[in-house]
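Here's the structure, in structure tokens; my notes come after.
The values are calculated or read from the model by the stated rules, or taken from the named source; none is laboratory data. Note that the coordinates shown come from a computational prediction; the quantities given were computed from them, not determined experimentally. Cβ placement follows ideal geometry from the backbone for every residue including glycine, while neighbour counts extend to all protein chains displayed. Protein only, heavy atoms only, side chains kept; ligands, DNA and RNA dropped before computing areas. Shrake-Rupley method; radii C 1.70, N 1.55, O 1.52, S 1.80 Å.
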Amino acid sequence: MAKYILKRFALMVVTVLIIATLTFFLMNLLPGSPLNEERSTNEAVQQNLEAHFNLDEPLIVQYVLYLKSIATFDFGPSIKQPTETVNSLLSRGFPISAELGIWTILTAVISGIALGVFAALKHNGLIDYIAMTVAVLGISVPNFVLATLLIQELAVNLDIFPAATWSSPAHMVLPILALATGPMAIIARLTRSSMLETLTQDYIKTARAKGLSPVKVIIKHALRNALMPVVTILGTLMAGILTGTFVIEKIFAIPGMGKYFVESINQRDYPVIMGTTVFYSVFLVFMLFLVDIAYGLLDPRIKLHDEGGG
């Protein structure tokens, strides 16, 4: 276990370094400067601004300073919001984005597994057809389109839920539904197909022959193995959900990281763009690592390292 964790940690560091490097150089390949809008007839003022943000340094020096900011987790001041630092924006916006992401993941996983199990148990029945129709629609409709439809129907026409901001549980319903529907559909389809295969296995037939209750057979014996494909893609789904919150946050005017990230791109605020990218990269890579550990715990037959040390 210790060897596996060390190998995975080294891989995480390399992955984050590659992402950070690509982000830095892609930002600097863009024409112009983030200070274009602050161009002044006073050359001294312009030089002071560039020196303050290290934009007058050679590119390799800027890159080294950028890596140093990552190592110390101090991303410096925002160019477009001089009174704010990137760290302060992260500390203010990330908890809201994380809350939205966590509730979305829980909603998608619980509803997707339940839908998939019921569809498998009622194979080729009405519930199965309804569940798969919902799944197909969930996969087909982009979350930003679904968000618009939810706002129009449930907020404007029916006035059931508020359409914007993040100040009460009622404000959370529409953005969570918009984000969770797609992942829920994927999980439902995977759970259904995996459950159908698992229910035909000999150990399930043996459990039933021993007189175990159907609920116990499903939950204790079938569901655990049927969830393996779901766990496999959970890391990718989490990445999609957490990065997808940026668009949904903008649509629903949620004051999370999506707001600052989209604004920083429009304004070419390099420190915010790069700091947010690195922060989310570290977070998502760590989540993928936890999924790998969970995968091994769910199925003891899976070893975390090769016997030969490879």
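Structural remarks
- Residues of region 229-276 classified as on the phi > 0 side of the Ramachandran plot and of a type in the set (Gly, Ala, Ser), total: 1
- Residue match in region 216-225 (condition: out of contact with any helix residue (DSSP H, G or I) (no Cβ under 8 Å at 6 or more places or on another chain) and farther than 25 Å from Ile113 by Cβ): no
- Any hit, region 206-229, residues being within 29 Å of Ala10 (Cα to Cα) and in contact with a Leu (Cβ under 6 Å, 6 or more places away or on another chain): yes
- Looking only at region 186-200, and only at residues there that are open to solvent by less than 30 Å² (accessible area, probe 1.4 Å) and either free of Cβ contacts under 8 Å to residues at least 40 places away in the same chain or of a type in the set (S, T, N, Q) (or both), the one that is nearest to Ile105 (Cα to Cα): Thr191
- Checklist (1) within 30 Å of Asn225 (Cα to Cα); (2) within 24 Å of the chain's Cα centre (by Cα); (3) open to solvent by 80 Å² or more (accessible area, probe 1.4 Å) applied to Leu149, failing item: (1)
- Residue selected from region 75-107 under the condition of a type in the set (A, V, I, L, M, F, W, C) and in a loop (DSSP other than H, G, I, E, B), by the criterion surrounded by the fewest Cβ atoms within 10 Å (Cβ to Cβ): Phe75
- Residue count for region 172-185, restricted to those that are of a type outside the set (A, V, I, L, M, F, W, C) and without any contact (Cβ under 8 Å) to a residue 40 or more places away in the chain: 0.
- Filter result for Phe161 (farther than 19 Å from Thr236 by Cα, outside any helix (DSSP H, G or I) and either touching a strand residue (DSSP E or B) at 6+ places or on another chain (Cβ under 9 Å) or open to solvent by 40 Å² or more (accessible area, probe 1.4 Å) (or both)): yes
- Region 201-248, subset free of Cβ contacts under 8 Å to residues at least 60 places away in the same chain and outside any helix (DSSP H, G or I), residue surrounded by the most Cβ atoms within 10 Å (Cβ to Cβ): Leu212
- Count of region 249-261 residues, restricted to those that are assigned to a helix (DSSP H, G or I) and surrounded by fewer than 21 Cβ atoms within 10 Å (Cβ to Cβ), is 3.
- For Ile127, the stated conditions hold: it is part of a helix (DSSP H, G or I) and touching a Phe, Trp or Tyr at 6+ places or on another chain (Cβ under 9 Å).
- If you go through region 112-160 and pick out every residue that is out of contact with any Ser or Thr (no Cβ under 9 Å at 6 or more places or on another chain), in contact (Cβ under 8 Å) with a residue 12 or more places away in the chain, under 30 Å from Ala222 (Cβ atoms) and not hydrophobic (A, V, I, L, M, F, W, C), you end up with 2.
- Single unsatisfied condition, Val45 versus (1) part of a helix (DSSP H, G or I); (2) open to solvent by 90 Å² or more (accessible area, probe 1.4 Å); (3) at pLDDT below 70: (2)
- Listed conditions (1) outside any helix (DSSP H, G or I); (2) closer than 24 Å to Ile70 by Cα are all met by Ser264, apart from (1).
- Matching option when the condition is under 18 Å from Asp269 (Cβ atoms), open to solvent by 80 Å² or more (accessible area, probe 1.4 Å) and at pLDDT 80 or above, among Leu26, Leu17: Leu26
- Qualifying residue in region 253-263 (condition: modelled with pLDDT of 85 or more and closer than 21 Å to Lys7 by Cα): no
- Meets criteria (farther than 19 Å from Leu106 by Cα, of a type outside the set (Ser, Thr, Tyr) and in a helix (DSSP H, G or I)) for Met172: no
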